[in-house]
Every structure is written in C-alpha cells, then in structure tokens.
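Enquirer: The structure that follows is given in the form of structure tokens.
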Amino acid sequence: MQNETPSDAELLRLYKESGEVAHVGKLYARYTSMVYGVCLKYLKDRDEAKDGVMQLFEKLVTTLRTHEVENFKSWLYVTARNQCLMQLRARKGRFTEEISPQLMENEFLLHLEEEPEMEGNLSKLEKCIEGLIAEQQQCVRHFFLEEKCYKEVAELTGFDMNQVKSYIQNGKRNLKNCMEQND
C-alpha cells in the first residue's frame, strides 16, 4: 500500500515545478509547532513568536524556489533559529536583556559541526517512521511531531484511547529498534 501523504521532498519538488504556494503550506503545516517553539524559545514573547512563524512562511515562499534543501525539517529549524537571532540583534538597540546561555541551550540546539549528524539522524528517523504500520505511523506523527495529546490523536484518527496508546507505545519501540539497527 502506497503512502498517500507526500514526503517533504515530494512537496518541495511539486512547489518548484508548479510554483503553487499550497505545496509550501502543506509542508510548513507539518512543522509549524516546531517553528513556533523555536521562535518562542529565542524571542520569549508569544506575539513575537507568532509573527516570526508568519514571517518565516512568507520568506520560505521565495527562498525555496532557489535553494536546494535535502532535509527540510532540520533546514527549517536552523532557518527559524537564524531568523530569531537576527530579530534579537535588530532590537538590541531598543533594549537590552541578558539571556543566559543555559536558557538558550537545550538538547535540540544545534552547533554547526553537529548539523550533518542531526540531518542524518532525522533522515533515518523519517525512514523508520515510514516503515511503521499505517496506524502506528499516523499516531506517532500526531503525538510526537505535531505534539497532540492522546485525546486529540484519538479524535483525529478515530481510534479509541487504548488503541492510540498502544499504537504510540509500539510505534515508539519499533522506531527505537529501527534507529538502533540503522546506526
């Protein structure tokens, strides 16, 4: 059975060929919560973070026409981070607030030399997710990537709560095994 949801690479290809912004919209919708989280982490303001999410989408519409992107999710993360850092620099003259490195650093913050490794891990993870059975794949994507709660996943999928928990638990275990085998 073929996966009906187009991959990130497929949506990028379709956008470059057709120029239809809807393809970028579908692609961006997958990672909006991640971008919002990055913006909120750096900008420390909900309204500015929401504005950052919208500004980044507008920027993507033109940027993706000319840039070759191999791993969209990690590229988008770095692009969002850089946009936030530029915003912080721009407002530096308005007021200054010292931001502790401990507040900014977390397990997801990339250092440039770690970027290729993370891209490889994200590619492996995406391949492993695609290898899950459809129900696990659907529940895992909603729960982990879109950060939905069990109840929301149940509503979105039509599965009952026990099925959702089971698909997520089994999917998580299968992903762990797949990642370890592909290490």
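Enquirer: When only residues in segment 111-152 that are part of a loop (DSSP other than H, G, I, E, B) and surrounded by 15 or more Cβ atoms within 10 Å (Cβ to Cβ) count, which is modelled with the highest pLDDT?
Expert: It comes out as LEU132.
Enquirer: Residues being hydroxyl-bearing (Ser, Thr, Tyr) and either under 26 Å from VAL35 (Cβ atoms) or under 19 Å from the mean Cα position of the chain (by Cα) (or both): count how many of those fall in segment 124-169. Spell out how you get there, then give the answer.
Expert: We begin by selecting, within segment 124-169, every residue hydroxyl-bearing (Ser, Thr, Tyr); these are 150, 157, 166-167.
Among the residues that remain, those that are also either under 26 Å from VAL35 (Cβ atoms) or under 19 Å from the mean Cα position of the chain (by Cα) (or both) are: 150, 157.
Residues that pass the stated criteria total 2.
Enquirer: Can you list the helices (runs of 4 or more DSSP H) lying wholly within segment 1-96 that have 3 or more residues being over 30 Å from LEU132 (Cα atoms)?
Expert: Numbers: elements: 8-18, 21-43, 46-66, 72-90.
The helices (runs of 4 or more DSSP H) meeting that bar are 21-43, 46-66, 72-90.
Enquirer: Please verify whether segment 158-172 includes one or more residues that are out of contact with any His (no Cβ under 7 Å at 6 or more places or on another chain), modelled with pLDDT under 90, among the hydrophobic types (A, V, I, L, M, F, W, C) and surrounded by fewer than 17 Cβ atoms within 10 Å (Cβ to Cβ).
Expert: Among the residues of segment 158-172, not one is out of contact with any His (no Cβ under 7 Å at 6 or more places or on another chain), modelled with pLDDT under 90, among the hydrophobic types (A, V, I, L, M, F, W, C) and surrounded by fewer than 17 Cβ atoms within 10 Å (Cβ to Cβ), which makes the answer no.
Enquirer: Modelled with pLDDT under 90, more than 14 Å from the chain's Cα centre (by Cα), in the same structural domain as GLY37 (by TED's automatic domain parsing) and of a type outside the set (A, V, I, L, M, F, W, C), is that true of SER100?
Expert: In short, yes.
Enquirer: If you don't mind, another one. Among the residues of segment 73-81, are any of a type in the set (D, E, K, R), crowded, with 18+ Cβ neighbours inside 10 Å and within 23 Å of LYS127 (Cβ to Cβ)?
Expert: Within segment 73-81, one or more residues are of a type in the set (D, E, K, R), crowded, with 18+ Cβ neighbours inside 10 Å and within 23 Å of LYS127 (Cβ to Cβ).
Enquirer: Just to be sure I understand the filter: pairs with C-beta atoms under 9 Å, separated by 6 or more residues or on different chains, first member in segment 10-21 and surrounded by fewer than 17 Cβ atoms within 10 Å (Cβ to Cβ), second member assigned to a helix (DSSP H, G or I) and of a type in the set (A, V, I, L, M). Which pairs pass?
Expert: The qualifying pairs are LYS16/LEU64; GLU20/LEU14; VAL21/VAL61.
Enquirer: Looking only at residues that are hydrophobic (A, V, I, L, M, F, W, C) and surrounded by 18 or more Cβ atoms within 10 Å (Cβ to Cβ) in segment 35-52, which one is farthest from the chain's Cα centre (by Cα)? So that I can check it myself, show each step before the final result.
Expert: First, pick out the residues of segment 35-52 that are hydrophobic (A, V, I, L, M, F, W, C): 35, 38-40, 43, 49.
With surrounded by 18 or more Cβ atoms within 10 Å (Cβ to Cβ) added as a condition, the list becomes 35, 38-39, 43, 49.
Details: VAL35: 7, VAL38: 10, CYS39: 13, LEU43: 18, ALA49: 15 Å.
My answer is LEU43.
The values are calculated or read from the model by the stated rules, or taken from the named source; none is laboratory data. Here the structure is a predicted model, which means the values were calculated and not measured. Note that each Cβ is placed from the backbone with ideal geometry, even for glycine, and that neighbours are counted across all protein chains shown.
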